[in-house]
1. Which number do you get for Rg(Cα) / (2.2 N^0.38 Å) in the protein assembly as shown?
2. Under a cut-off of 23 Å between alpha-carbon atoms, report the lysines in cross-link reach of A:Lys88, not counting same-chain residues fewer than 8 places apart.
3. I'd like the mean, over residues of B:160-167, of how many other protein chain beta carbons sit within 10 Å of each residue's own Cβ.
4. Taking every residue in A:116-124, how many Cβ atoms of other protein chains lie within 10 Å of its Cβ, on average?
5. Within a 10 angstrom radius of each residue's Cβ in B:149-157, how many Cβ atoms of other chains show up on average? Whole number is fine.
6. Counting Lys and Arg as +1 and Asp and Glu as -1, each charge on the Cβ, what is the dipole of segment B:100-174 about the Cα centre in debye, to the nearest 20?
7. Regarding segment B:37-170, what's the average projected area of the Cα-atom convex hull, expressed in nm²?
8. Regarding segment A:6-87, what whole-number volume in Å³ per residue does the convex hull of its Cα atoms give?
Number of protein chains: 2
Amino acid sequence: MIKLTPTARVILGFLQLGARTGYDIKQQADVSTRFFWGASYGQIYPELRRLTDAGLVRPTSQPRGGLARTEYTITARGRKALHDWLRKPPGPLLFEYRDEALLRLFFGDLLSPEEVAVNLRQAREEFEHDAARFRELQAQGLPSGYPAAALRYGIELMEWIAAWYRDAERRLAAGDLAEDQASS
Amino acid sequence: MIKLTPTARVILGFLQLGARTGYDIKQQADVSTRFFWGASYGQIYPELRRLTDAGLVRPTSQPRGGLARTEYTITARGRKALHDWLRKPPGPLLFEYRDEALLRLFFGDLLSPEEVAVNLRQAREEFEHDAARFRELQAQGLPSGYPAAALRYGIELMEWIAAWYRDAERRLAAGDLAEDQASS
DNA sequence: CAATGCATGTAATAGGTTACATGATTTC
DNA sequence: GAAATCATGTAACCTATTACATGCATTG
């Protein structure tokens, strides 16, 4: 079974969903998978070349007037590799979570409770802001089906996190955050 | 204001909380910040050298018998840099989220509903498993205070995600996942 | 005709993991 | 005396972002 690099997965997926150029893939990813799976030009173009060499995509020159343009289509091999990964990815599912706000909370003992409170509020506001941005995307009504479900996940996740911080602020003020006992 | 690299933040934080050696930092991070802020030897040791050169930490040779050992203490400059970052990080708070399960859901149109259902179940089970692992850590009663709050965050996040996938399974079976309308 | 959008691409840099190598000490 | 733990470190590799460079086409 062919192993796809992280970026190859998005590329093949978007190609099969109708994307044509590298530019196109980037635009679509930016308004959909971005928050849980990004892709930059610095990854996309070199990867498209590797996928071409591996026979998973096929490029065709499709200039628009004098504007050089390369359209890619997914090959049978590419479709198979994509489908294989969609059903049984090699290795455990990749999940990465990195959160500076949480790290600052973790080191809360090095700050005064007031300073921690400021940090919690700031984190909450950022996540609220993110949730609002996602809600706008949703209101524009663009996605439907599975992409809509993923967007919904993003909104609800951001709102859950914001709510968690809101609750942490409350607990801090009530004096039972830093003294938390492991609840049984 | 001194800019700390991502790894420098964890290192300085753990040093101020009492860690002594590079090995020590790694052990402590592995059972606490790991899920939202990891650190590997390949990062820690070179970074300790850079921090030494920058005057943020001070190494002292403290062999245990014939075992070479270097204990690090944070300097006044180091404490200031850490405290500055804890209160006002340069730039927006770093937040990274990467989720292969969600990407597979996003491309659900390329699979049959049955295959999507299998993926959802698999994802849910993985997150349930993670939650259980965190719960064990918590049951061992090791952390208290802010570290305990961060662990609690981890448990509740994993459980929230698992619940989201459980609900997605239900909606898929009911036929209103892939046909989702943007709810107003 | 200026600004924006379409389109491709590279170089520098950053940040990170994994695997390996080495060797002492402690515990069973 | 074998296995696990303490301890340090590096080399190879992977993945990714940012900034830059280039130039055509479209829209106001």
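Every number here is computed from the coordinates shown, using simple stated rules; none is lab data. Being a predicted model, the structure only gives us computed values, none of them experimental. Here Cβ is always computed from backbone atoms with ideal geometry, including for glycine, and neighbour counts include all displayed protein chains.
1. 1.12
2. A:Lys3, A:Lys80
3. 2
4. 2
5. Mean inter-chain Cβ contacts per residue within 10 Å come to 6.
6. Computed charge dipole of segment B:100-174: roughly 220 debye.
7. Orientation-averaged projected area of the Cα hull: 12.9 nm².
8. That works out to 92 Å³ per residue.
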